[in-house]
Amino acid sequence: MMNSSTSTLSPVISTNGHTPLWIGPLNAVAFDEAGWRAHLRALDHPLYIVSDGARLGITHQPSTGSGESLALLAATGPLRPSQLGSANFRSFYGLKYAYTGGAMANGIASADLVIALGQAQLMCSFGAAGLVASRIEAALDRIQAALPDGPYAFNLIHSPNEQALERNAVELYLKRGVKTVEASAFLALTPHIVRYRASGLRQAAGGAIEIGNRVIAKVSRREVATYFLEPAPASLLQPLVSQGLITEQQAQLAQRVPMCDALTVEADSGGHTDNRPLVCLLPAMLELRDEICAKNNYQQAVYVGGAGGIGTPSAALAAFMMGADYIVTGSVNQACVESGASAHTRRILAQAGQADVMMAPAADMFEMGVKVQVLKKGTLFPVRAQKLYELYKACDSLETIPVDEREKLERQVFRKPLATVWQETEAFFRERDPEQLERANQNPKRKMALVFRWYLGLSSRWSNSGEPGREMDYQVWCGPAMGAFNEWTQNTALAAPENRHAAEVAEHIMQGAAYLYRILQLRTQGLTLPAQLANYKPEPLA
């Protein structure tokens, strides 16, 4: 199968110029390609690479001291997926692997997705952002019934323009006993996230601080990471004490623990992203974590994970090799059957390449010019959304939009008069956040922003529900990881959208990462394997 033209070998150990020997039964050694593949994939077993002078062989059998004598060229121990990342992180959250699914708003990270990963002992965060309270409560009912002991998390998204949403979410999570939240899109700490954290603090009998409410902070900037790595500031704690929302003791304890238990470093991802490369961002955040934790002399660890661009075993391994305690996937989960995305959306995601994404205005932070990364293949949403933002910047109100532009919007984008859109917007915010209507009635430009957000908000819901006739307006949050995943799974069972199940995808990514690490270990000992063995492709799991 392999000879000197396909493999470069050097001894593992050299004693007096002699290659060490492996001695054992010859029938325990595989020399054919199928045998090599089976041995390499058996991650629970050690490997010994041997040679009879003409062929390279592989075996799990250690040298027994009796039998055939072969040259021992390389060896590795067992390498299980559970060995990747932080064992303490896995223990802290009760997980099989250091692998989590990130929240995707509007329920794309659905109850089904959270339950599917949870039942596989992997944690996923429910995509609560953008949903009304009744939808979140319904998800809570299902998830807590299916996973009474976890693991699961719920998203808490920063809502600077709609603070009532953030406040109401925290009140609901406290009421329903949600013990882990994934805090995302925060620009700074707010009273609401501080209240959630502090409300779960207790002083144990031995003096240790018990942290009942865990926070996973998803960040991409050093200054935001610092807010979550430091303790909560007194300026936010004391008003909460005055309002009776936390106790004085909890305020004191909060100044001795970090604001988060885990810090997810989000690189070039779908949705909200700064498009930063993980190879630059993750090492810097690890160093920042170590610096702040040492300064504050915390009793507990703060775990740092890698997210953004992770959709293949090689990407997962790269994050672990840089020191990530855990990894987070997003885009690839949206393409799975358990996600809240429609069948049409899952089909176009399965056709995406790495370059088939672009940035577009975000619905939740539209006025601030914040953008999200979305799929551009198979939809006109990014172009139409950008046009809305340009009109928002150029015009002071709906009435000042040029007549030809207004007619084009009503015909192509909204497909109804803007006056009708405003009526529907009023009805929506009357239930969701009436304060927004008061502000809009006093500010024509604010009213225009809410009308434009009608399209930005519904476009993602159309994508989730599979709204007929609106396919070209689907807003599909997506990062380059989706294209990388499609390339990796090409010509395998996972190429078909209907075959993509979140727990199986997670298993293949982690199994593949461990497999590639094993290949790397052999490579460092001088063994270069041919491509059909050096690469991991998804095969049916046992």
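Please indicate, with yes or no, whether at least one residue in the range 32-49 is in a loop (DSSP other than H, G, I, E, B), of a type in the set (Lys, Arg) and modelled with pLDDT of 95 or more. No, the range 32-49 contains no residue that is in a loop (DSSP other than H, G, I, E, B), of a type in the set (Lys, Arg) and modelled with pLDDT of 95 or more.
Looking at the range 356-372, is at least one residue under 30 Å from Gln83 (Cβ atoms), open to solvent by 30 Å² or more (accessible area, probe 1.4 Å) and not in a helix (DSSP H, G or I)?
Within the range 356-372, none of the residues are under 30 Å from Gln83 (Cβ atoms), open to solvent by 30 Å² or more (accessible area, probe 1.4 Å) and not in a helix (DSSP H, G or I).
Inspection of the range 135-157 identifies at least one residue that is more than 17 Å from Gly340 (Cβ to Cβ) and buried (at least 19 other Cβ atoms within 10 Å of the Cβ). Scanning the range 439-490 for residues that are part of a helix (DSSP H, G or I), within 22 Å of the chain's Cα centre (by Cα) and among the aliphatic types (A, V, I, L, M) turns up Ala481, Met482, Ala484. Scanning the range 270-295 for residues that are touching a Lys or Arg at 6+ places or on another chain (Cβ under 9 Å) and either under 22 Å from Tyr196 (Cβ atoms) or polar (S, T, N, Q) (or both) yields His272, Thr273. One residue alone among Gly308, Gly323 is within 27 Å of Leu375 (Cα to Cα) and within 17 Å of the chain's Cα centre (by Cα), and that residue is Gly308. Exactly one residue out of Met472, Met482 is surrounded by fewer than 19 Cβ atoms within 10 Å (Cβ to Cβ) and in contact (Cβ under 8 Å) with a residue 60 or more places away in the chain, and it is Met472.
Have a look at Val304, Val279 and point out the one that is under 23 Å from Cys478 (Cβ atoms), touching a helix residue (DSSP H, G or I) at 6+ places or on another chain (Cβ under 8 Å) and either at pLDDT 95 or above or open to solvent by 30 Å² or more (accessible area, probe 1.4 Å) (or both). After ruling out the rest, the residue left standing is Val279.
Which one of Gln299, Gln255, Gln243, Gln249 is loosely packed, with under 14 Cβ neighbours inside 10 Å and under 14 Å from Arg197 (Cα atoms)?
Details: Gln299 fails: under 14 Å from Arg197 (Cα atoms); Gln255 fails: loosely packed, with under 14 Cβ neighbours inside 10 Å; Gln243 fails: under 14 Å from Arg197 (Cα atoms).
Only one candidate qualifies: Gln249.
Across the range 60-87, the qualifying residues are those that are assigned to a strand (DSSP E or B) and either farther than 21 Å from Ala513 by Cα or out of contact with any helix residue (DSSP H, G or I) (no Cβ under 6 Å at 6 or more places or on another chain) (or both), and the one among them that is most open to solvent (accessible area, probe 1.4 Å) is Glu68. Taken over the range 494-542, the criterion of being without any contact (Cβ under 8 Å) to a residue 24 or more places away in the chain and open to solvent by less than 40 Å² (accessible area, probe 1.4 Å) is satisfied by Ala534 alone. Here Glu171, Glu166 are screened, and the one residue that is open to solvent by less than 10 Å² (accessible area, probe 1.4 Å) and among the acidic types (Asp, Glu) is Glu166.
Within the range 227-255, the set of residues being over 22 Å from Asp325 (Cβ atoms), assigned to a loop (DSSP other than H, G, I, E, B) and touching a residue at least 12 places away in the same chain (Cβ under 8 Å) comprises Ala232, Pro233, Leu245, Ile246, Gln255. Applying the set (1) among the hydrophobic types (A, V, I, L, M, F, W, C); (2) buried (at least 17 other Cβ atoms within 10 Å of the Cβ); (3) modelled with pLDDT of 95 or more to Leu380 leaves exactly one unmet item: (2).
The values are calculated or read from the model by the stated rules, or taken from the named source; none is laboratory data. Since the model is a prediction, treat every value here as computed from it, not as a measurement. For neighbour counting, all protein chains shown are included, and Cβ atoms are generated from backbone atoms with ideal geometry for every residue, glycine included. These area figures cover heavy atoms from the full protein model, side chains too; ligands, DNA and RNA do not enter into them. Shrake-Rupley method; radii C 1.70, N 1.55, O 1.52, S 1.80 Å.
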